[in-house]
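Taking it in order: structure first as structure tokens, then the write-up.
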Amino acid sequence: MKVLKNILDWLGISIFLALLCVVVLQIIARSVLTISIPWTEELSRSLFIWLTYIGAAIAARKGSNIVIDMLIQKIPNKFRKASEIVIILCSMAVVVVFLVGSWNLIEKTKGVYYSTMPFLSTGWQYAAPVVGFGLMLFYFILRLVNIVTGKPIATVKGLDIEEAGKEANE
């Protein structure tokens, strides 16, 4: 688990830094050099998409996805565990639908290439949702197992799933 956490964290940081470099290059080229570098726009868009889905997976790991917790706080404690299970199952259903749809996009676009980067298929851009939703599904399953088995719930503690498990053992 720690290896996956480190890979995701470093991947997110690396993609962000690459995005920053490409955008700064684009700004300098247009503003200072008064030239246009066509591939920077497509590459920055693709990096932003990847950053979004890696960030969503990290948020799922930390239990910090966007939720409306006002209703959950109003539910009596004896029904809170059941409501969290229902919420996670609904989230998993949505993620599976998007995962399947994203996979279909990869299949349809794997032979299409970027106009400014003809060596790169647009399918890799559509792989970002597959990776992101796949990791989100994995972390939702872990959270569901944690709730059912009675381990600390990461969403309540605001911790990573791994950290919630460590805290339970202390």
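The values are calculated or read from the model by the stated rules, or taken from the named source; none is laboratory data. All values derive from a computational prediction rather than experimental measurement. All Cβ positions, glycine included, derive from the backbone under ideal geometry; neighbour counts span all protein chains shown. Heavy atoms of the whole protein, side chains included, go into the accessibility calculation; ligands, DNA and RNA do not. Shrake-Rupley method; radii C 1.70, N 1.55, O 1.52, S 1.80 Å.
Brief remarks on what is shown
- Positive-end ranking of SER36, ALA57, THR149 along the dipole of the chain, with charges on Cβ about the Cα centre, is headed by THR149.
- Between 0 and 90 degrees, the angle of helix 123-149 with respect to the longest Cα principal axis of the chain falls at about 10 degrees.
- More than 28 Å apart - percent of Cα-Cα pairs taken over the chain: 37
- Mean Cβ neighbour count within 10 Å, used as a protection proxy, ranking 94-104, 33-43, 54-64 highest first: 54-64, 94-104, 33-43
- Note on GLU41/ILE7: beta-carbon distance plugged into 1/(1 + (r/R0)^6) with R0 of 35 Å gives a FRET efficiency of 0.80.
- Accessible area of the stretch 37-141 belonging to carbon and sulfur atoms, whole % at 1.4 Å probe: 73
- In Hz, Karplus ³J(HN,Hα) per residue of the stretch 87-103 (6.51, -1.76, 1.60; θ = phi - 60°; x = Gly, Pro): 4, 5, 5, 5, 4, 5, 4, 5, 4, 5, 4, 5, 5, 5, x, 5, 4
- Dipole magnitude for the chain: computed about the Cα centre from +1 point charges on Lys and Arg Cβ and -1 point charges on Asp and Glu Cβ, it is near 380 debye.
- Close Lys pairs in the stretch 1-110 (alpha-carbon distance under 27 Å; sequence gap of 8 or more, or different chains): 7.
- By average C-beta atoms within 10 angstrom, highest first, the peptides 134-140, 80-86: 134-140, 80-86
- Per-peptide average of other Cβ atoms within 10 Å, ordering 111-123, 15-27 highest first: 15-27, 111-123
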